[in-house]
């Protein structure tokens, strides 16, 4: 039986819930009169939970028919485009009949000024009083996605909209600037300044909290009566409950659904809508805009892969897309598709994987143009995105992160092995060696190099510098690439520089490390290069390093298999939790607010830990890593998105998961990649890649052992000027 978010509708014993206290027939006493959309969420949920619902198309009919002393809910119709027209004389009639009213998104209210509708970006709904009882205390945070609100003033509003920091609770309290969301207009009228009744379709979260909100509203409408908590099945939810028995082929099913998501979500650019990418998307902030529609075709990979879904959720439950084509996402997606194709024996995905890598390495300006010009210092590198004319908040065309170069390379390396092709070998080696010549004398690159600086200084400046960055998120995946490339080429500097940097980094562990979004992500990416170092040099010291980092990573693995996020030492993090309410949403950020928050991160930690644990088990033969990988695999199968309604999300993995609530939930403070985001590369690509390797009973190191890219070494070194 699926628990928590898959609770089956509970039929209320209505005689107990609404005992008759007048001469009115019991059936009428149990009736809720509703004016609102025929397909609205609230009427369906109330009916599923045992209430008798009579729905009307307009408020006048609902008030006319309602029995004296009854309850009427007047819901928003064409939200957010149209407010709800409730004539003043209708309110007088309701008062005369002794009705209790719930009014939603009203156009006007007697004696009260309502401002014009606005749609805040970073504010969240916060409980401001004890109206909802101990189950939902003051300062509890709720997510009402795509909230359009009518500003007004009201004292003692139980729900307000405010910009607050925190995971579950507004840790800094409410700011002075709040907007009432729910308030008592008078002793018989409860008003919502937005559409609270769209809680199912709009995917309001957490689910149980919104159940309490609506249960309490119904209780208010029937004073003195006890109403059991309302339950419903969310339209976007985890695939399995925490304790639900998994099918024997759960991993294979998750793999099949995970790779099929690229098609159902239209993540592969198609020629018929490429113009949206080339022109329209540049007008959207950060190129975040509507997803390709379900009636548009999916590409075959020859025009690359979009970045993924942004974390915003619309009132219809849909999410916008980040219209970027990034090197890392395309390379990782190609690798995941190729491995899935091999594990599932599916030639369609093999063809698409090959097309993506061909696009990336032979046609995209991510790798072509001046990056294919031996005279340019960026020769061999891969740009972060392929939009050179974009002038928005984030312009990464001429930006080089060694970490993103490395992940894209690892993806194509895996894809080439899975497809058993070698046509990308030369470009792979150029990328590896181009990054190596930017590594300083100690094996570290700057975390980020911008092209103007690279052109001004030249590559030798970085090659000869004594750069040190004790931040594995930016460094360790490239060291893994160097170790892999050393095995394939025998080029000694690849091994020596990787070992130098790894040794210095491990000497500083843990207190000397700098962390990015959390310390767990640093451990997760570091574990991969440590495992591969054991492959090359199986020494007691190298195994101790694996045990040290891997052991600390797994201290955060909880019983269900999730890996709990953890903040590192104070003052040593780049993107920690917001330090104030005003800071919420202004930068990249963690999913948790404080250590102990029950959340895992599938963008920065669990996805990379899945790969690292898989490789550590193969490298060391130690069962602890294999068993941890098994638990994590089962957890990932359970929390994979299931949706019959939003088919573009079915089979995906969101960034955040609250393993106590068993729900996709976290602090959504990250300015670009929040709790409900889906990344085609970092997240989706590596999860399906490891699921595929588990099906194939191989590791990435073993799968790629036959690479012959070393045959290009002398020529590539000559062209790069590193002979």
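Checking the structure you have, find out if any residue of the stretch 379-389 is within 18 Å of residue 430 (Cβ to Cβ), in contact (Cβ under 8 Å) with a residue 12 or more places away in the chain, out of contact with any strand residue (DSSP E or B) (no Cβ under 9 Å at 6 or more places or on another chain) and in the same structural domain as residue 462 (by TED's automatic domain parsing).
Yes.
Just need a number here: residues in the stretch 56-74 that are surrounded by fewer than 20 Cβ atoms within 10 Å (Cβ to Cβ) and part of a strand (DSSP E or B). Step through it out loud before you land on a result.
First, pick out the residues of the stretch 56-74 that are surrounded by fewer than 20 Cβ atoms within 10 Å (Cβ to Cβ): 56-58, 60-61, 64-65, 67-69.
Still in the list and also part of a strand (DSSP E or B): 56.
Adding up the residues that qualify gives 1.
Could you check, for the stretch 414-433, whether at least one of its residues is buried (at least 24 other Cβ atoms within 10 Å of the Cβ) and either assigned to a loop (DSSP other than H, G, I, E, B) or modelled with pLDDT under 95 (or both)?
Checking the stretch 414-433: at least one residue is buried (at least 24 other Cβ atoms within 10 Å of the Cβ) and either assigned to a loop (DSSP other than H, G, I, E, B) or modelled with pLDDT under 95 (or both).
Could we say that residue 645 is touching a residue at least 12 places away in the same chain (Cβ under 8 Å) and under 30 Å from residue 423 (Cβ atoms) here?
Numbers: touching a residue at least 12 places away in the same chain (Cβ under 8 Å): yes; under 30 Å from residue 423 (Cβ atoms): no.
Criteria not met by residue 645.
Suppose we filter the stretch 350-381 for residues that are outside any loop (DSSP other than H, G, I, E, B) and more than 31 Å from the chain's Cα centre (by Cα); how many remain?
4
Determine if the stretch 583-602 includes at least one residue that is surrounded by fewer than 24 Cβ atoms within 10 Å (Cβ to Cβ) and free of Cβ contacts under 8 Å to residues at least 60 places away in the same chain.
Yes, some residue in the stretch 583-602 is surrounded by fewer than 24 Cβ atoms within 10 Å (Cβ to Cβ) and free of Cβ contacts under 8 Å to residues at least 60 places away in the same chain.
Going by what's in this entry, would residue 408 be described as crowded, with 22+ Cβ neighbours inside 10 Å and touching a residue at least 40 places away in the same chain (Cβ under 8 Å)? Working first, answer last.
On the way: crowded, with 22+ Cβ neighbours inside 10 Å: yes; touching a residue at least 40 places away in the same chain (Cβ under 8 Å): yes.
Here the answer is yes, as residue 408 does meet what is asked.
Between 106, 134, 80, 110, which is surrounded by fewer than 21 Cβ atoms within 10 Å (Cβ to Cβ) and either within 28 Å of the chain's Cα centre (by Cα) or touching a residue at least 40 places away in the same chain (Cβ under 8 Å) (or both)?
On inspection, the qualifying residue turns out to be 80.
Does residue 335 satisfy the criteria of being over 25 Å from residue 281 (Cβ atoms) and within 22 Å of the chain's Cα centre (by Cα)? Please lay out each step first, then the result.
On the way: over 25 Å from residue 281 (Cβ atoms): yes; within 22 Å of the chain's Cα centre (by Cα): yes.
Yes.
State whether the residues of the stretch 255-272 include one that is part of a loop (DSSP other than H, G, I, E, B), touching a residue at least 12 places away in the same chain (Cβ under 8 Å), in contact with a strand residue (DSSP E or B) (Cβ under 6 Å, 6 or more places away or on another chain) and within 30 Å of residue 49 (Cβ to Cβ). Steps first, answer last, please.
Just the residues of the stretch 255-272 that are part of a loop (DSSP other than H, G, I, E, B), to begin with: 265-267, 269-270.
Okay, now just the ones that are also touching a residue at least 12 places away in the same chain (Cβ under 8 Å), so 265-267, 269-270.
With in contact with a strand residue (DSSP E or B) (Cβ under 6 Å, 6 or more places away or on another chain) added as a condition, the list becomes 267.
This time we only want the ones that are within 30 Å of residue 49 (Cβ to Cβ), so: none.
There is no residue in the stretch 255-272 that is part of a loop (DSSP other than H, G, I, E, B), touching a residue at least 12 places away in the same chain (Cβ under 8 Å), in contact with a strand residue (DSSP E or B) (Cβ under 6 Å, 6 or more places away or on another chain) and within 30 Å of residue 49 (Cβ to Cβ).
Is there a residue being surrounded by fewer than 17 Cβ atoms within 10 Å (Cβ to Cβ) and within 34 Å of the chain's Cα centre (by Cα) anywhere in the stretch 456-469?
Checked against the condition, which is being surrounded by fewer than 17 Cβ atoms within 10 Å (Cβ to Cβ) and within 34 Å of the chain's Cα centre (by Cα), the stretch 456-469 yields at least one hit.
Could you say whether any residue in the stretch 180-203 is more than 17 Å from residue 106 (Cα to Cα), touching a residue at least 60 places away in the same chain (Cβ under 8 Å) and surrounded by fewer than 24 Cβ atoms within 10 Å (Cβ to Cβ)? Give the steps one after another, and end with the answer.
From the stretch 180-203, those more than 17 Å from residue 106 (Cα to Cα) are 187, 199-203; that's our starting set.
With touching a residue at least 60 places away in the same chain (Cβ under 8 Å) added as a condition, the list becomes 199-203.
Next, from what is left, pick out any that are surrounded by fewer than 24 Cβ atoms within 10 Å (Cβ to Cβ): 200-201.
Looking through the stretch 180-203, at least one residue is more than 17 Å from residue 106 (Cα to Cα), touching a residue at least 60 places away in the same chain (Cβ under 8 Å) and surrounded by fewer than 24 Cβ atoms within 10 Å (Cβ to Cβ).
Could you list all residues from the stretch 679-701 that are outside any loop (DSSP other than H, G, I, E, B) and within 19 Å of residue 525 (Cα to Cα)? Walk me through it before giving the result.
Start the filter on the stretch 679-701 by keeping residues that are outside any loop (DSSP other than H, G, I, E, B), which leaves 679, 684-696, 700-701.
Hits for the stretch 679-701 are 679, 684, 685, 686, 687, 688, 689, 690, 691, 693, 700, 701.
Evaluate the stretch 506-529: report whether one residue or more is surrounded by fewer than 24 Cβ atoms within 10 Å (Cβ to Cβ), assigned by TED's automatic domain parsing to the domain that holds residue 640, without any contact (Cβ under 8 Å) to a residue 60 or more places away in the chain and over 30 Å from residue 667 (Cβ atoms).
yes
Only residues that are in a helix (DSSP H, G or I) and either in contact with a helix residue (DSSP H, G or I) (Cβ under 6 Å, 6 or more places away or on another chain) or surrounded by fewer than 18 Cβ atoms within 10 Å (Cβ to Cβ) (or both): list them for the stretch 277-308, please.
If we filter the stretch 277-308 for residues that are in a helix (DSSP H, G or I), which is where we start, we get 277-278, 280-283, 285-287.
Across the stretch 277-308, the qualifying residues are 278, 280, 281, 282, 283, 285, 286, 287.
The values are calculated or read from the model by the stated rules, or taken from the named source; none is laboratory data. Nothing here was measured: the structure is a model prediction, and the numbers come from that model. FYI the Cβ positions are ideal-geometry reconstructions off the backbone, even for glycines, and counts take in every protein chain you see.
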